[in-house]
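Structure first, commentary second.
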Amino acid sequence: MSHPRLICLDESTMRLSPQLVEQVLDEIVRLNQALGVAVLMVEQQA
């Protein structure tokens, strides 16, 4: 899809180092803000 309205992520930070977790979450926020894409995340470590 070229212009999604929703991105679904399942355990997107599983087994990553704390530094990489922060980078991934920052990028997700950037996508949400820059593109107006809604994000549904499923995580065990909230």
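For S12, which sequence-distant residues (separation of 5 or more, or a different chain) have an amide H within less than 5 Å of its own amide H, given hydrogens modelled in the peptide plane?
Long-range HN contacts for S12: V42.
For segment 2-46, what does the relative contact order come out to in percent, with C-alpha contacts under 8 Å and a separation of six or more?
60 percent
Run the numbers for E11 and V37: contour at 0.36 nm per residue of separation, minus the present Cα-Cα distance, in nm.
7.5 nm
List the residues whose amide H sits under 5 Å from the amide H of I7, counting only those 5 or more places along or on another chain, with H placed 1.01 Å from N in the peptide plane.
When sequence neighbours closer than 5 places are left aside, the close amide H contacts are A38, V39, L40.
Can you check how the C-alpha radius of gyration of the chain compares to 2.2 N^0.38 Å, as a plain ratio?
Normalised Cα radius of gyration, the chain: 1.18.
When Lys and Arg each count +1 and Asp and Glu each count -1, what net charge do the other residues less than 13 Å away from V21, Cβ to Cβ, add up to?
Here the charged neighbours net out to -4.
Dipole size in debye (nearest 20) for the chain around its Cα centre, Lys and Arg Cβ +1, Asp and Glu Cβ -1?
160 debye
Based on DSSP H runs of at least 4 residues, each adding -39500 (n - 2.57), what is the mean residue ellipticity at 222 nm of the chain after dividing by all its residues, to the nearest 500 deg cm²/dmol?
Rounded to the nearest 500, the figure is -13000 deg cm²/dmol.
Read-outs throughout are calculated quantities, based only on the coordinates presented, and are distinct from any laboratory measurement. All values reported here derive from a predicted model rather than from experimental measurement. Ideal geometry is used to build each Cβ from the backbone, glycine not excepted, and the neighbour counts take in all protein chains shown.
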